[in-house]
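Participant: Below is a structure I'd like to ask you about.
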């Protein structure tokens, strides 16, 4: 798998700087990312995906993977940040005698687990950081076993959360290039920390509808989905929304999460 992932390589320094912050908020049950991870595990179990060999691409500090491990999944993970991988290794030392062989640093041109097969691959908050999303999905297609699953999240370009977030940012205007770049990136993709993506060259999708369509074109069918606004009082129970709430959240929510099942290639 030789896909030069330049945006993620440029993110290494950024995510290393945030590693301790991410770990400090991991135990906060009200934190959005912690809550989303727990809901995603429920979504996986609701879809009758049994404990299996799983790979978490962009595993960060290993928190989401640890929730899967607690349910009996055989977990692996990789991330661009060596600081976050160190935390993940420590976290998984209580689950496995060989955490260093299971959690590895992503390199520039290949996934460290290339050549291995997984029944489940998860990519939570990762795809917005790839400039060519279709190409990356094609590179990991062979890593998913036939009839295996991919759980992935995307961010809607137009979301209620990012609209309110941008208004708040305008009230904290700073006359510098960094503020302007972050504002433009947030307005375009809704990624808080900046995806390090050249939006003039990026080949990305920015809506729930196009996200689902992209996976279908690569060779997957959608099994289940969950959308979240990233606004606490609107996300009290994202797995049990009314039909109207589900429709609105799919359109105006911030995080679109889906479970996809791989279809064997046609001969």
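The values are calculated or read from the model by the stated rules, or taken from the named source; none is laboratory data. A quick note: this is a predicted structure, and the numbers were derived from the prediction, not measured. Because the Cβ atoms are built from the backbone with ideal geometry, glycine has one as well, and the counts that use them run over all protein chains shown.
Conditions tested, residue by residue: (1) surrounded by 14 or more Cβ atoms within 10 Å (Cβ to Cβ); (2) out of contact with any helix residue (DSSP H, G or I) (no Cβ under 6 Å at 6 or more places or on another chain).
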site: 154; (1), (2): yes, no
site: 161; (1), (2): yes, yes
site: 173; (1), (2): no, yes
site: 181; (1), (2): no, yes
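Every residue, every condition in (1) surrounded by fewer than 17 Cβ atoms within 10 Å (Cβ to Cβ); (2) farther than 24 Å from residue 256 by Cα; (3) modelled with pLDDT of 95 or more; (4) within 18 Å of the chain's Cα centre (by Cα), yes or no:
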residue	(1), (2), (3), (4)
3	yes, yes, no, no
6	yes, yes, no, yes
9	yes, yes, no, yes
16	yes, yes, no, yes
29	yes, no, no, no
40	no, no, yes, yes
51	yes, no, yes, no
56	no, no, yes, yes
72	yes, yes, yes, no
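Participant: List every residue pair whose Cβ atoms sit under 7 Å apart, with the two residues 6 or more apart in sequence or on different chains, where the first one lies in region 107-127 and is at positive phi and in a loop (DSSP other than H, G, I, E, B) and the second, anywhere, is buried (at least 18 other Cβ atoms within 10 Å of the Cβ) and at pLDDT 90 or above.
Facilitator: Within 7 Å, the pairs are 125/58; 125/153.
Participant: Among (1) at pLDDT below 90; (2) assigned to a helix (DSSP H, G or I), which single condition is residue 136 missing?
Facilitator: With respect to (1) at pLDDT below 90; (2) assigned to a helix (DSSP H, G or I), residue 136 is out only on (1).
Participant: Which one of the conditions (1) part of a loop (DSSP other than H, G, I, E, B); (2) closer than 30 Å to residue 223 by Cα; (3) without any contact (Cβ under 8 Å) to a residue 40 or more places away in the chain does residue 92 fail to meet, given that it meets all the rest?
Facilitator: (1)
Participant: What do you reckon, is residue 60 crowded, with 22+ Cβ neighbours inside 10 Å and either closer than 24 Å to residue 142 by Cα or at pLDDT below 90 (or both)? Even if it seems obvious, please write down each step before you answer.
Facilitator: Numbers: crowded, with 22+ Cβ neighbours inside 10 Å: yes; either closer than 24 Å to residue 142 by Cα or at pLDDT below 90 (or both): yes.
Here the answer is yes, as residue 60 does meet what is asked.
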